[in-house]
1. With every protein chain left in place, what is the accessible area per residue of the stretch 1-134 in square angstrom, probe 1.4 Å?
2. Given R₀ = 25 Å, FRET efficiency for residue 68-residue 106 by Cβ-Cβ distance, to 0.05?
3. If amide hydrogens are placed 1.01 Å from N in the peptide plane, which non-local residues have theirs closer than 5 Å to the one on residue 70?
4. Residue by residue, what Karplus-based ³J(HN,Hα) values in Hz, rounded to whole numbers, does the stretch 109-115 have, using 6.51, -1.76 and 1.60 with θ = phi - 60° and x for Gly and Pro?
5. Rounded to the nearest 0.05, what FRET efficiency do residue 85 and residue 43 have when you use their Cβ-Cβ distance and R0 = 22 Å?
6. Please state the relative contact order of the chain as a whole percent: Cα pairs under 8 Å, 6+ residues apart?
7. In whole Hz, with x marking every Gly and Pro, tabulate ³J(HN,Hα) for the stretch 49-57 from phi via Karplus 6.51 cos²θ - 1.76 cosθ + 1.60, θ = phi - 60°.
8. Just flag the chymotrypsin sites (Phe, Trp or Tyr not before Pro) in the stretch 46-139 sitting in loop per DSSP whose Cβ has no more than 15 other Cβ atoms within 10 Å.
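The values are calculated or read from the model by the stated rules, or taken from the named source; none is laboratory data. It should be emphasised that the depicted structure is a prediction, and the values quoted were computed from it without experimental measurement. Don't worry about glycine lacking a Cβ; one is built from the backbone with ideal geometry, like all the others, and counts go over all protein chains shown. Accessible surface is based on the protein model in full, side chains and every heavy atom, while ligands, DNA and RNA are left aside. Shrake-Rupley method; radii C 1.70, N 1.55, O 1.52, S 1.80 Å.
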Amino acid sequence: MTKNVLINVQGMQMNMNGSDNVEITTMGTYYFKNGKHYIYYEEILDCSEPPIKNWIKIYDNKVEVCKKGASNVQMFFETGKKNMSMYKTPFGTIEIGICVQEIEFQETECLIKLELRYDLEMNGDFVGDSFIYMTVEAK
């Protein structure tokens, strides 16, 4: 895999009121070190604010996601384990719980595919079933 990559992230959250979908496609950076895959990209939500910096680390059937910017969070995804994180936003801090149902990771010479299926809680309340599908393609 090359250092410069094209990243596509699709997210969906399903609850009793329907579903909420998000998709982003951007250029980023990839590297592999000490048995871990590292993916970095910036996400622009509002042109008037600095971008959110995203780090994703994949290793041992675990995924770590770190976001820094207007909102800050470090989330851990591990099958069969509930992980708690504090999501700091400009409007206050939210405690989130992530209970992963499934992690699927596929890697070829030019492409990485990552799928996460998990239940999401906010401040102790179940929010819905969530799904993230990411591709990282060599450029």
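1. Working: 8080 Å² over 134 residues.
Accessible surface, normalised per residue, equals 60 Å².
2. Numbers: r = 28 Å, r/R0 = 1.11.
E(calc), rounded to 0.05, equals 0.35.
3. none
4. With the stated coefficients, the stretch 109-115 comes to 4, 10, 8, 10, 10, 9, 10 Hz.
5. Working: r = 18 Å, r/R0 = 0.81.
E(calc), rounded to 0.05, equals 0.80.
6. Details: 367 pairs, mean separation 31.0, N = 139.
Once divided by the residue count of the chain, the mean separation gives 22 percent.
7. 10, x, x, 8, 8, 10, 10, 10, 10
8. Numbers: sites: 55, 59, 76, 77, 87, 91, 105, 118, 126, 131, 133; in loops: 91.
Qualifying residues, ordered by number: 91.
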